[in-house]
Every structure is written in C-alpha cells, then in structure tokens.
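The values are calculated or read from the model by the stated rules, or taken from the named source; none is laboratory data. Because the structure is predicted, anything quoted here is derived from the model rather than measured. Using ideal geometry, Cβ is built from the backbone for each residue, glycine included, and neighbour counts are taken over all protein chains shown.
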Amino acid sequence: MKVCHVINTLNRGGAETHLFDLVHQQTLKNYEVELVVIGSDRENIMSLEEEFKNLQIRIKRLNGPRMFNIASYFRLYSHIKRNKYQVIHSHQPRSDFMIYVVRKFNISFSWIVSVHGKYDTYLESTKISNNIKKRFMHSLARYWEKADAVIAISDAVSDWIVDLNKKIRPTTIPYWVDQSNLSSRNTFGEDISIGFLGRLNKNKGIEELLSAFNKLDTANLTLTIGGYSEPAYLEYLKSISNEESYKKIKYLGYVSNRKTFYDSLDLFVFPSFSEGLGLVLLEAMSFSKICVTRDILPMNTYLTKDSGYLFRNNEDLLTSLNEAIEDLRRDNKKIKSKLFNIEQMVKKSSAEIIFPMIEKVYQSE
C-alpha cells in the first residue's frame, strides 16, 4: 500500500511522535510510506527528520508559509498527482485543510484524518485568539466530513468532534507506548524528585503546579520542569515561585532524552487543563512512574485512584501531592499496588494491540 502522511512540521510533539511510531510500524509491514511536511521546523525544538530518514522515508517539504500560500497548494497538488498515493493520511488542522482543498481537484485517493486533540480547548493568551480558533474548528469539522475516515486519539476527542459535526463518525484509536521501560522499583527514600514535561504554556497547568509547590515543605523535594517556553513566559513562571521553592526548581528547557528525564524522577505531575490524550502522562506511566494528574477525560481513563492520584482544583492538587509524597516515603505496599496497576494499563497500550486497529481503517477504505 502506498501511503503519504501530511503534517505541519517534524518538531517532536505528541502528534509527531505518534506519526513516527505509526510510520515505523507501517514500514515493518512493508507499506510504501512517504511524508509531506508543510512548514519548516523550529530550531529550538527537536526535529524528528533524521529519525524518519533512518527509516528510509522520503520527505517532501513545501517550505512555504504553512497554510496561506498558494504556491504550497500547487506543489502539494503536483506531488500527490505525480506519486499516485492510495492513501493520504493528514495530521493537524492546517494539513487537513490543505488536503481538503487539493482533493477537490479530482485526485483519486482515500483520505484519512487523525485528530490529535480538542484543538479549540487549548488556552491561549487572549480571548481573540481563542475565539478565532473556535470558529476555525467549526469550519474544519465540515471539511472532516468529506474524509473517508476520521481517527480520534481518545473518546474525549471523539465526543468533541461529534459535538462540532454530528455527521462525523470517528473511530477511536489511541497512541501506543514503548513497553521496554517498565521497571519493578517500588522503594523510595526521604528525598523525592518531582517532574513535569510538556510545552510550557497556560493550558498545561504549570502555573498551578508552581503555586502548589510553593506551599509544600520542600526540605527534601526537588522539582524538575522539562519543556520549551517562550522566554517572556519562562521569566513569568520563575517570578511566581517563592524564594525557598525557587531554589529547588530546575528548568531544563527542551528535553531530547526522555529516558534520562523519567529515570531521574520519583513522581510525575501532569496538571494540564485539556488534552487529546496526554502522551507524556502515558509515557511517564510506561517508565513505571507514580503520577498525579487532573481528574478529567481522557487522562483519568489511563490513570485512576488505584494507579495514581487525581485532582480537580488547586486545593486538591496540593492534597494529592502531599499524599503521594507521604505514600512514597511511608507506604511501600500502597505504592507497589499502584505500580502493578500502572503496568497493567501500559500493557494494554502496546503497538501489537493498537496498530492493527489502524490497519483495519486503512483496509476498509
């Protein structure tokens, strides 16, 4: 099967990481796979281009402004027509819109859309940008209706799509994670290392985490924060920590080696307000990390009170952090039980279980 994936950039994020894993599995199954990348990669965030090239994947870059550039549409149209792909699989809104436009010019291919998040629920700095995003999503949902199949990465995303356009019937297929990092460690000392990983913005709940950390007894605690931030926002985050807690916080910037990062932690905190799935939470669980996350979909379908700690508001977050820290120090039996339940969930999130679900969608179109 000849497949072309279309995506905005190859800077590593949830969608890009999943695409790499998907392409890897497709090459193992002897799919003929190529990529079209709409825009250029940002220099301050790791690009997965070399990883794709190591899989012998041909990459076509349009290299213009990502969406509002007529030349990019002509290049995309010519490339698709010349290569005669059987399946075009688009990822992310700009890519979806461009494929929708190109397909109107009588090119024959099956079009599959992967929706990687509830895009209009991610908080921005201004109400104007939030309103523009919501309006665009309503328009995009009408375009998704024209696709041959729509894949949602969680039931929460599926429900969000249907709310936008009730004519769409998405297929829920979650991400998978590497199974090789699960470990049997279940003893901890007084010193507890807490961590967060993700792009630093308001939507990720990082401000709430810092506020809660201010109120903890930090004598034997450290907080390691990984992820890219705009410089002005990073300075703001540093300013909201009190003097004592600031001494215990390390900002790593973009994290290229996930294993080294997770291996350094005892407790992972993911306070995001809205996620399509929350891949970093699932990653942390795949490294056998005790986790604290917001009690909302879809995170609470992966992490439950039997496998971690859930919170609904800032007061709950502080309570959950204190409880998790105390359990790590004093209640080995409880932690061992949670780690066992984490392992069972992670085993359900393997490529062997999930990739055949994507193959079924491809084969039905």
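Which count do you get for residues in region 200-212 that are more than 22 Å from the chain's Cα centre (by Cα) and buried (at least 21 other Cβ atoms within 10 Å of the Cβ)?
1
When you scan region 1-65 for strands (runs of 3 or more DSSP E) that lie fully inside it, which ones turn up with 2 or more residues that are among the β-branched types (Val, Ile, Thr) and surrounded by 18 or more Cβ atoms within 10 Å (Cβ to Cβ)?
Counting at least 2 such residues, we get 2-7, 32-37.
Determine, yes or no, whether residue 156 is crowded, with 17+ Cβ neighbours inside 10 Å, at pLDDT 95 or above and under 28 Å from residue 348 (Cβ atoms).
no
Can you confirm whether region 236-250 contains a residue that is farther than 28 Å from residue 16 by Cβ, buried (at least 20 other Cβ atoms within 10 Å of the Cβ) and either under 22 Å from the mean Cα position of the chain (by Cα) or of a type outside the set (Val, Ile, Thr) (or both)?
The answer is no, given that none of the residues of region 236-250 is farther than 28 Å from residue 16 by Cβ, buried (at least 20 other Cβ atoms within 10 Å of the Cβ) and either under 22 Å from the mean Cα position of the chain (by Cα) or of a type outside the set (Val, Ile, Thr) (or both).
What number of residues within region 73-93 satisfy the criterion of being part of a helix (DSSP H, G or I) and surrounded by fewer than 19 Cβ atoms within 10 Å (Cβ to Cβ)?
9
Criterion first (buried (at least 16 other Cβ atoms within 10 Å of the Cβ) and under 30 Å from residue 173 (Cβ atoms)) does residue 284 satisfy it?
yes
If you check residue 193 against the conditions, is it out of contact with any strand residue (DSSP E or B) (no Cβ under 7 Å at 6 or more places or on another chain) and among the small types (Gly, Ala, Ser)?
Judged against the criteria, residue 193 is not a match.
Checking residue 158 against (1) in a loop (DSSP other than H, G, I, E, B); (2) hydroxyl-bearing (Ser, Thr, Tyr); (3) under 21 Å from the mean Cα position of the chain (by Cα), which single condition isn't satisfied?
(1)
Going through region 281-311 one residue at a time, which ones are at pLDDT below 95 and either of a type in the set (Val, Ile, Thr) or over 17 Å from residue 346 (Cβ atoms) (or both)?
Matches in region 281-311: 296, 297, 301.
Do any residues in region 49-75 that are within 30 Å of residue 105 (Cα to Cα) and at pLDDT 90 or above have Cβ atoms under 6 Å from those of residues that are among the basic types (Lys, Arg) and crowded, with 17+ Cβ neighbours inside 10 Å, where the two are at least six apart or on different chains, and which pairs are they?
If the second residue must be among the basic types (Lys, Arg) and crowded, with 17+ Cβ neighbours inside 10 Å, the pairs left are 62/75.
Restricting the first residue to region 343-365 and requiring it to be in contact (Cβ under 8 Å) with a residue 40 or more places away in the chain, which pairs with a second residue that is of a type in the set (Ser, Thr, Tyr) and not in a helix (DSSP H, G or I) meet a Cβ separation below 6 Å and a spacing of at least six or different chains?
The qualifying pairs are 361/171; 365/110.
For region 160-199, which residues satisfy the criterion of being without any contact (Cβ under 8 Å) to a residue 12 or more places away in the chain and either buried (at least 22 other Cβ atoms within 10 Å of the Cβ) or under 21 Å from residue 354 (Cβ atoms) (or both)?
Of everything in region 160-199, just one residue is without any contact (Cβ under 8 Å) to a residue 12 or more places away in the chain and either buried (at least 22 other Cβ atoms within 10 Å of the Cβ) or under 21 Å from residue 354 (Cβ atoms) (or both), namely 180.
Please go through region 80-99 and give me each residue that is closer than 19 Å to residue 149 by Cβ and either under 23 Å from the mean Cα position of the chain (by Cα) or modelled with pLDDT under 95 (or both), ordered by number.
Across region 80-99, the qualifying residues are 88, 89, 90, 91, 92, 93, 95, 96, 97, 98, 99.
On the basis of being modelled with pLDDT under 95 and either in contact with a Phe, Trp or Tyr (Cβ under 7 Å, 6 or more places away or on another chain) or within 29 Å of residue 179 (Cβ to Cβ) (or both), does residue 229 make the cut?
Spelling it out, it is not the case that residue 229 is modelled with pLDDT under 95 and either in contact with a Phe, Trp or Tyr (Cβ under 7 Å, 6 or more places away or on another chain) or within 29 Å of residue 179 (Cβ to Cβ) (or both).
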